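In what follows, a single structure is set out as structure tokens and then discussed.
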Amino acid sequence: MIPTIAEAARRIAAKEVSPVELARDSLSRIARLDSSLHAFIRVTEERALADAKAAEERQMRGALRGPLDGIPFGHKDIYETAEIPTTAHSAQLRDHVPRRDGFTVRKLAEAGVVLMGKLATHEFAFGGPSRDLPWPPAENPWGAGHFTSGSSSGTAAAVASGMVLGGTGSDTGGSIRGPAALCGIAGIKPTYGLCSRAGILPLAQTLDHAGPMAWTSEDCALLLAAMAGHDPEDPASADRPAPDLSLSREWRGRRVGVIRHFHEQDNPVSPATLRGIEETVAILSGLGATVEQVTLPSLHEFYAAGWVILSAEAFAVHEQRMRETPMLFGENLRGRLSLGGLISAADYIQAQRRRRTLIRRTMEATAGFDLLLTAAAPGEAPRIDDVPKWASVEKPNFTVPFNMLGWPALTVCTGFGDKNLPVAAQIIGKPWQDWLVLAAGHAVERENGHRAKRPTLGEMKSG
Amino acid sequence: MLRSMPDPIPPAEFAALLARAGIALPEAEVEDLRRAHPRLLAMLAMLREPPPAAEEEPAFTFAAGDEA
């Protein structure tokens, strides 16, 4: 039985379980499963046992630091970790060993998490899935050979399979919410500025967000509380008073807008995904919220501006490597970055101008609404080898609009499709309403019952 | 919607674009990229249609005059 973070925290606090036992369980699961799932770039066994022992000592003397103390955890391998290689899943950084922890890595360590290792990502959070990198792509625990989505692929696979109870992700166009959707877990892209990006390898500075991924929205709320906070080293980091962290909310009087055209016309989703969204509407409505339809600019408009901004900024980040050592990138990332290199300054500025228009139109259309609802992904996970190289420019995704806006957006599992793989919905809030979004996710998960089902991993044991 | 996709630009023109960006790729990847490039062109066209209204312009202010 794999506990949630909240359950494990209660048991640790009650001295019913030791952090060392939890870490050993986690290591044993990693040893059994990761040769098939490839969620880890590096397992930090010694560090994990040392962290767990320290947490156990605090447990024994009644000095636990909070609900994350002693929790098995992993960092996406673009989060810099002192003295532990941080590779971005790329040959470019195979030997990169940071001298210090990133801001959120430090905050989570201070909260007591037990570092189990560094987790797979699409190369530099943009390439992938790729088979020409120093490490294989992570696989979906719900189906061997199936795509996790990306780029926080290893975190999603490790959480879904219970190898860790939580982990970090980053989200520039959907890299937390996409993998959370395909792997049947929860993941939140927080409000832009809530979590520092200092010490996280950048992809696109005006769209990058750091955030947590876990089995439940409640667990994401616990992790986000530890990750959030002002950091002068990130120029986008906000210095704001602590928000209301409660997940118990009154839903009567709340207005939820369903962005039906996103998932019915702009990029039609699978029947199972649609059923999950409708079930979520019924749950929120049953709790007392008023649910209405809302119309935003088309997903295509958001996607065009978002893709251009993301790709141009990403090329700027990697320009020197693209000129000097392009063959150290995998083919997928080399291609995507190359397209970014063909975007002119005028193109980029037009995209930022359009972004401003889209933000204004969205704010007008959603005035008076507390939450929005749409899909997080079009359907169930495809097989890895069926993902087209240029998938990212073929159809708009459901996630990039909220990177453009900077609004908090959460993926919650809403059931399973024809292949028995997870499907999901996306719940979006207004800026700084992250915990309202998480409260909605928590309420939906309690009502829909899908958190009771874990992937059956027996078929993946053989490696 | 992404409207009609433009045709790929001729190989010589595409090679010039890549050279200007300082990008050198294996030949097969150049051709693959050239065939994907119209999807980018379609997105770029969307950004300019309709042209942004004047009121959407960010306010650029320059205060150096105060010191002059």
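The values are calculated or read from the model by the stated rules, or taken from the named source; none is laboratory data. These numbers come from a predicted model, not from an experiment. Neighbour counts run over all protein chains shown; Cβ positions are idealised from the backbone, glycine included.
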### Task
May I ask you to list the residues in region A:278-305 that are of a type in the set (S, T, N, Q), part of a loop (DSSP other than H, G, I, E, B) and away from every other protein chain (no Cβ under 14 Å)?
A:295
### Task
Give A:308, A:317 a once-over and let me know the one that is at the interface with chain B (Cβ under 9 Å from one of its Cβ atoms) and within 28 Å of residue A:195 (Cα to Cα).
A:308
### Summary
Residue set A:389, A:430; condition within 14 Å of another protein chain (Cβ to nearest Cβ) and of a type in the set (Lys, Arg); output residue A:389
### Task
Taking the options A:123, A:139, name whichever one is acidic (Asp, Glu), closer than 24 Å to residue A:25 by Cα and either buried (at least 24 other Cβ atoms within 10 Å of the Cβ) or outside the structural domain of residue A:399 (by TED's automatic domain parsing) (or both).
A:139
### Lone qualifier among A:290, A:280 - being touching a helix residue (DSSP H, G or I) at 6+ places or on another chain (Cβ under 7 Å) and surrounded by 14 or more Cβ atoms within 10 Å (Cβ to Cβ)
A:280
### Query
Taking region A:102-123, which residues are among the charged types (D, E, K, R) and touching a Ser or Thr at 6+ places or on another chain (Cβ under 6 Å)?
A:123
### Message
For the structure I just gave you, tell me whether residue A:162 is in contact with a Lys or Arg (Cβ under 7 Å, 6 or more places away or on another chain), surrounded by fewer than 24 Cβ atoms within 10 Å (Cβ to Cβ) and of a type outside the set (Phe, Trp, Tyr).
### Response
yes
### Message
I'd like the full set of residues that are of a type in the set (D, E, K, R) and buried (at least 21 other Cβ atoms within 10 Å of the Cβ), limited to region A:370-397.
### Response
A:380
### Message
Please verify whether residue A:226 is within 18 Å of residue A:164 (Cα to Cα) and over 13 Å from the mean Cα position of the chain (by Cα), treating the condition exactly as stated.
### Response
yes
### Task
Go through (1) over 18 Å from residue A:276 (Cβ atoms); (2) not in a helix (DSSP H, G or I) one by one and return the number of the condition residue A:426 breaks.
(1)
### Summary
By residue number, the members of region A:320-358 that are among the β-branched types (Val, Ile, Thr) and more than 10 Å from every other protein chain (Cβ to nearest Cβ) are A:325
#### Entry: Candidate set: region A:238-276, residues that are in contact with a Gly (Cβ under 6 Å, 6 or more places away or on another chain) and of a type in the set (Ser, Thr, Tyr); chosen: the one surrounded by the fewest Cβ atoms within 10 Å (Cβ to Cβ)
A:270
## Note on the structure
Per the filter on region B:1-57, residues in a loop (DSSP other than H, G, I, E, B), more than 9 Å from chain A (Cβ to nearest Cβ) and at pLDDT 95 or above are B:8, B:9, B:10
